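Colleague: Okay, handing you the structure first.
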Amino acid sequence: MSTVLEARTGSPVRASRPRPRGGVRRETFAQWLFLAPAIVYVVVFFGYPVVKNLVMSFQEYTTKTFFTGEAPWVGLANYVEVVQSTFFGITVGNTLMFTLGSIVGQFVIGLLFALFFRKRFPLSGMLRSLLLLPWLLPVIASTSVWKWILDQDGGVLNQALGLVGIGPVPWLTSPDVALIAVVLVNVWLGIPFNVALLYGGLQNIPDELYEAGALDGATGWKAFWHITWPSLRPVVTVTLVLGVIYTLKVLDIILGLTGGGPANSTQTLATDSYFRSFREFDFGAGAAVSNILILFSLVFAVIYLRVNRKQVDE
Amino acid sequence: MNRNAAKRSTLITTGALASLSLALLTGCSAGGASSSSEDGDITLTLTDTLSETSAPVYQEVYDACAAEVGVTVEATHVAGSALIAKVLQQASSRTLPDVLMLDNPDVQQIAASGALSPLSDYGITGEGFPQGIIDAGSYEGDLYGIAPVVNSLGLIYNVDALAEAGVEVPETWDELRAAAAALTTDGRYGLALSAANSFEGTWQFLPFMWSNGGNEDDLTSPEVAEALAFLNDMVQDGSVSSSVVGWSQNDVNDQFIAGNAAMMVNGPWNLPKLTAAEGLNFDVVQIPVPTAGDTSIAPLGGETFTVPQTGDEAKMQAAGEFVKCLTEDEHQITMANGRGAVPAGESAGETIAADNALLAPFVGIVADARARTAILGEEWPEAATQIYTAEQLALTGRATPAEAFEQAAG
């Protein structure tokens, strides 16, 4: 408080003189002060973890480290260990398949729903809000339910398929289909996100465009291809890129459904990193895997930023 | 300019205050609940991993021991899966509780970090406890954790189902395989066990591996492969569901109670739930051995109590006395009956075997049980990961039992 008073009483005296150099410095100082909270936040909550994770991946970081603080520098040894392990290729392949499958499924179904709900009909509002349901449930709860649904012997899905003569599918117990099952659940979980974003995008397309298009004979499929899709493209890009980043790091769904099994068939970089850190207590190798994962995400983050900038420029 | 300057100064000050308060906020988080123990009234903090059902049983014992030692005990319950992460965080911020419950395979990891104090400092020697239990709580020759009650694995079978099919209780692998096949009917598997992609899968594989002479320090040995081949054969026979690769031990127990399996490999912690199941007539024997006359060696489970290095001598001493009290026979028996476990001490074990017929077989099993960390110590988690990975590879047909361990080691 005293500085405020001082500043008030002091200012008339100073006003008569030429502005001192200190004033400029004070102004810069003030600017930095305003920036400070944001900088502190970013450094503490984003910068520190990223740097720490990077440093950790070059160290032998074990349970001992937490008590003694000693973490010997091992250079690239963790990365070598991770990349050379028998299952690394499978893990990367699973991560890519999981992401690709989830994104394609979520996006296509999400877009169809969004287009469907563009038409107003009785109860459409209620149905649209029902679609958000997967978003409202805790992931652990919904994966437990999915685990029952997908159970090979007593699961509802297999019983239903049995009615139409399709033999019991070993959804979660065969390495050949487990990844598909996990992708299915993740698609279900991701549809609300896609519908919400795409529906919002569709709302922003002016009706006049369709009216004008209809006069020129563009209806139905033509209208979609020449009006809806081009107008929606910026939203589509954002939806896809954010979707990819969210999907790459999915952990809870896989842990809940299969725990990375059977026989590593649903092991992704995210689960691998988690297991190395919290099952084997090899935090260095776990950090190395998560850095590889971050590298994948980074590629898409850069795409996202570029697309965003382009939109702003336009 | 006057007014502007004044305004700017005010703004500057506000900005400064804002940053200052932020700094204060972030700086303050380190303070907390370390109360000194000089005034004689000692309050011990305790962290355990008890579930809602067993917490009240332990609380009874905590209260009795707190009164005996003359301290107050504040217990916090943490989910078992979240415990290690919490302990590591507490270890680095020097805020470990005065008494810490640790699952026995984790004791060596944490003891190796230097976060625990040797229990011999408090006169706890583990005398009267079987060697397996001492091994589980020891690191480099010192005892760091003591388990008042322990558990293991046995073969739990549906008495009615066996009688109906005219099947004798199996004692050897051949008998087990034959019994499982004979008990398999439409809608019911002969045997259920957990071969999950987790340490639960590893834990359930151990009785077969160890009883066959296999060891975790040589996973590519023929004895280990034979044990895996045996389980794989039963899956191939169709008398064990191929879903076992996804079943946790809870799932196995549910399958057994629902009548979807006539026998299961599981532990005594299921007894309260099994006893409560209506119309279920079950009994327990040791897990069958490769050939008649072999010793059935099951893994030893159970949570130990440890005294972390908190730096407060008086509190650590009190915590030591408290832990010693927890291991007294009468408290062992209270905990064992309350949550379905076996008293760790030999004399308490004999007492409980005499009046709890369902726990009695487990008392015998525990006497021969082996600690998972006995051979490899802190290297155990790596071997455990290889074991469940190999089991998954074999049971899903991705590798032969012999190849599976080679692949999993890579």
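Colleague: Given the options B:Thr334, B:Thr310, name the one that is modelled with pLDDT under 95, over 23 Å from the mean Cα position of the chain (by Cα) and within 23 Å of B:Leu50 (Cα to Cα).
Modeller: B:Thr310
Colleague: Taking the stated definitions as given, is A:Phe278 modelled with pLDDT under 90, closer than 30 Å to B:Lys86 by Cβ and out of contact with any Cys (no Cβ under 9 Å at 6 or more places or on another chain)?
Modeller: yes
Colleague: Looking at segment A:160-175, which of the residues that are away from chain B (no Cβ under 13 Å), of a type in the set (A, V, I, L, M) and part of a loop (DSSP other than H, G, I, E, B) is least open to solvent (accessible area, probe 1.4 Å)?
Modeller: Ranking the candidates gives A:Ile166 first.
Colleague: Show me the strands (runs of 3 or more DSSP E) entirely contained within segment B:220-339 in which 3 or more residues are among the hydroxyl-bearing types (Ser, Thr, Tyr).
Modeller: none
Colleague: Going through segment A:116-155 one residue at a time, which ones are of a type in the set (Gly, Ala, Ser), more than 21 Å from A:Gly201 (Cβ to Cβ) and surrounded by 12 or more Cβ atoms within 10 Å (Cβ to Cβ)? Quick ask: steps written out before the conclusion?
Modeller: Step one: filter segment A:116-155 for residues of a type in the set (Gly, Ala, Ser), giving A:124-125, A:129, A:141-142, A:144, A:154-155.
Now restrict to residues that are more than 21 Å from A:Gly201 (Cβ to Cβ): A:141-142, A:144, A:154-155.
Within segment A:116-155, A:Ser142, A:Ser144, A:Gly154, A:Gly155 meet the criteria.
Colleague: What tally of residues in segment B:141-160 results from selecting those that are surrounded by fewer than 21 Cβ atoms within 10 Å (Cβ to Cβ) and touching a residue at least 12 places away in the same chain (Cβ under 8 Å)?
Modeller: 3
Colleague: Only residues that are assigned to a loop (DSSP other than H, G, I, E, B) and either within 24 Å of B:Phe199 (Cβ to Cβ) or within 16 Å of the chain's Cα centre (by Cα) (or both): list them for segment B:86-96, please.
Modeller: Of everything in segment B:86-96, just one residue is assigned to a loop (DSSP other than H, G, I, E, B) and either within 24 Å of B:Phe199 (Cβ to Cβ) or within 16 Å of the chain's Cα centre (by Cα) (or both), namely B:Leu96.
Colleague: OK, next. All but one of (1) at pLDDT 95 or above; (2) open to solvent by less than 60 Å² (accessible area, probe 1.4 Å); (3) of a type in the set (A, V, I, L, M) hold for B:Ala163; which doesn't?
Modeller: (2)
Colleague: Can you name the residue in segment A:234-279 that is away from every other protein chain (no Cβ under 14 Å) and outside any helix (DSSP H, G or I) and, of all such residues, is surrounded by the most Cβ atoms within 10 Å (Cβ to Cβ)?
Modeller: Within segment A:234-279, the match that is surrounded by the most Cβ atoms within 10 Å (Cβ to Cβ) is A:Val250.
Colleague: Sticking with this structure for a sec: Suppose we keep only residues that are in contact (Cβ under 8 Å) with a residue 24 or more places away in the chain and not in a helix (DSSP H, G or I) within segment A:118-154. Which one would you say is nearest to the other protein chains (Cβ to nearest Cβ)? It would help to see each step written out before you state the result.
Modeller: In the first step, residues of segment A:118-154 are kept if they are in contact (Cβ under 8 Å) with a residue 24 or more places away in the chain; the result is A:118, A:128, A:131-135, A:139-140, A:142-144, A:146-147, A:150.
From the residues that got through so far, the ones that are not in a helix (DSSP H, G or I) too are A:118, A:132, A:150.
Details: A:Arg118: 41, A:Leu132: 29, A:Leu150: 9 Å.
In this case the residue turns out to be A:Leu150.
Colleague: Which residues, counting only those in segment A:61-78, are under 18 Å from B:Gln309 (Cα atoms), more than 7 Å from every other protein chain (Cβ to nearest Cβ) and surrounded by fewer than 18 Cβ atoms within 10 Å (Cβ to Cβ)? Spell out how you get there, then give the answer.
Modeller: Step one: list which residues in segment A:61-78 are under 18 Å from B:Gln309 (Cα atoms), which gives A:63-70.
Then drop every residue that is not more than 7 Å from every other protein chain (Cβ to nearest Cβ), which leaves A:65, A:69-70.
Residues satisfying the conditions are A:Gly69, A:Glu70.
The values are calculated or read from the model by the stated rules, or taken from the named source; none is laboratory data. From a predicted model like this one, the values you see are computed outputs, not experimental measurements. Neighbour counts run over all protein chains shown; Cβ positions are idealised from the backbone, glycine included. These area figures cover heavy atoms from the full protein model, side chains too; ligands, DNA and RNA do not enter into them. Shrake-Rupley method; radii C 1.70, N 1.55, O 1.52, S 1.80 Å.
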